[in-house]
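The values are calculated or read from the model by the stated rules, or taken from the named source; none is laboratory data. Quantities reported herein were computed from a predicted structural model and do not represent experimental measurements. Using ideal geometry, Cβ is built from the backbone for each residue, glycine included, and neighbour counts are taken over all protein chains shown.
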Amino acid sequence: MANWSDPRTTAAPVTRTPTRDMARDEGLRSYMLSVYNYMASGVLLTGIVALLFSWGGDSSPAAAVFYQPGLLKFAIMFSPLIFVMVLSFGINRLSTAAAQGVFWAFAAVMGLSMSTIFLAYTGPSIALTFFATTAAFLSLSLYGYTTKRDLTGFGTFLIMGLVGLIVASLLNLFFQSGIMSMVISAIGVLLFAGLTAYDTQRIKGLYFQVAGTDFAGKAVILGALSLYLDFVNMFQFLLSFLGSRD
């Protein structure tokens, strides 16, 4: 943590000038634009890989992997988690270029994992859900960026709810309850909607800590990863309601 000076000591006031404020705002806009660009590019890469891997329907590589018994489908399903853990816990040991490479690899593997949605749902319903998710994401992220309200406490509640959602999802793997699945999906949409606003504010606040440091490039990747996960999870949960099955 930074060593803040004692507020009771006498210090020279910091002079704020229009030029300094403009440079500060311009730096923040550039930083957030980089985060959104990486996030959007990651989502695009995931969509392209998913579409190509599922091309051909029941005769596609995705069908051959996921409709047949074997370890490969579990490797594809759980490998994105490994990439998330590498980025989240090993970011300090990675160079900025390596972190970018891991992010792109994660987005590609996520495409393989998500290819089954093109086998289970119709194309128009997937497109409708995607545009609905995009509209919701942009609105919520804009709120998180512009609001003066501190969302830290709200974020703590959301993260606790996310842990509960994961536990409920694991339990439902055994119970296979349709009603429970719908409840989980509804809660999931709300949780990741809230996390979108919270993460945007958190990423914005992080800029003022890392601006001008070597960590700034890595912070962009971590921010893009957070917003990517918010978007993709909100899309998947919303697809349970808006998606039409083949």
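Counting just the residues of the stretch 160-170 that are surrounded by 14 or more Cβ atoms within 10 Å (Cβ to Cβ) and of a type in the set (Gly, Ala, Ser), which one comes out nearest to Gly57 (Cα to Cα)? Quick ask: steps written out before the conclusion?
Here is the first cut: in the stretch 160-170, the ones surrounded by 14 or more Cβ atoms within 10 Å (Cβ to Cβ) are 161-162, 165, 168-169.
Now restrict to residues that are of a type in the set (Gly, Ala, Ser): 161, 168-169.
Numbers: Gly161: 36, Ala168: 31, Ser169: 27 Å.
The qualifying residue nearest to Gly57 (Cα to Cα) is Ser169.
Screening Gln209, Gln201 for residues that are assigned to a helix (DSSP H, G or I), surrounded by 14 or more Cβ atoms within 10 Å (Cβ to Cβ) and of a type in the set (S, T, N, Q) leaves exactly one candidate, Gln201.
Yes or no, residue by residue, for (1) farther than 29 Å from Phe66 by Cα; (2) at pLDDT below 95; (3) loosely packed, with under 13 Cβ neighbours inside 10 Å:
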| residue | (1), (2), (3) |
| --- | --- |
| Gly90 | yes, yes, yes |
| Arg93 | yes, yes, yes |
| Thr96 | yes, yes, no |
| Thr122 | no, yes, no |
| Phe131 | no, no, yes |
| Tyr143 | yes, no, no |
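Of these, Phe83, Phe78, which one is in a helix (DSSP H, G or I), of a type in the set (Phe, Trp, Tyr) and loosely packed, with under 12 Cβ neighbours inside 10 Å?
Working: Phe83 fails: loosely packed, with under 12 Cβ neighbours inside 10 Å.
Matching residue, one of Phe83, Phe78: Phe78.
The criterion of being surrounded by fewer than 17 Cβ atoms within 10 Å (Cβ to Cβ) and either without any contact (Cβ under 8 Å) to a residue 60 or more places away in the chain or assigned to a helix (DSSP H, G or I) (or both) holds for Phe157. Considering Ile91, Ile117, Ile179, the condition of being touching a helix residue (DSSP H, G or I) at 6+ places or on another chain (Cβ under 7 Å) and under 21 Å from Phe241 (Cβ atoms) is satisfied by Ile117 alone. Among the residues of this structure, Met110 does not count as one that is loosely packed, with under 15 Cβ neighbours inside 10 Å and under 24 Å from Val189 (Cα atoms).
Output the number of residues of the stretch 32-75 satisfying the condition of being at negative phi and either assigned to a loop (DSSP other than H, G, I, E, B) or of a type in the set (Gly, Ala, Ser) (or both).
As a first pass, look at the stretch 32-75 and keep what is at negative phi: 32-55, 58-69, 71-75.
Keeping just the survivors that are either assigned to a loop (DSSP other than H, G, I, E, B) or of a type in the set (Gly, Ala, Ser) (or both) gives 34, 40-42, 47, 50, 54-55, 59-60, 62-64, 67-69, 71, 75.
Residues that pass the stated criteria total 18.
Just to be sure before I move on: is Gly144 in contact (Cβ under 8 Å) with a residue 40 or more places away in the chain and either assigned to a loop (DSSP other than H, G, I, E, B) or in contact with a helix residue (DSSP H, G or I) (Cβ under 9 Å, 6 or more places away or on another chain) (or both) in the structure I sent? The answer is yes for Gly144. Cβ-Cβ contacts under 6 Å between residues 6 or more apart (or on different chains), taken from a first residue in the stretch 214-238 that is within 23 Å of Phe131 (Cβ to Cβ) to a second residue that is among the hydroxyl-bearing types (Ser, Thr, Tyr) and in a helix (DSSP H, G or I), are listed as Ala224/Tyr38; Asp230/Thr196; Met234/Thr133; Phe235/Thr133; Phe237/Ser185; Leu238/Thr129; Leu238/Thr133.
Can you tell me which residues in the stretch 6-53 are of a type in the set (S, T, N, Q) and at pLDDT 95 or above? I'd like the intermediate steps shown before the answer.
Start the filter on the stretch 6-53 by keeping residues that are of a type in the set (S, T, N, Q), which leaves 9-10, 15, 17, 19, 30, 34, 37, 41, 46.
Listed by number, the residues that qualify are Ser34, Asn37, Ser41, Thr46.
Contact map, the stretch 66-89: residues that are in contact (Cβ under 8 Å) with a residue 60 or more places away in the chain paired with residues that are among the aromatic types (Phe, Trp, Tyr), Cβ distance under 9 Å, separation 6+ or inter-chain. Pairs shown: Val84/Phe106; Leu87/Phe103; Leu87/Phe106.
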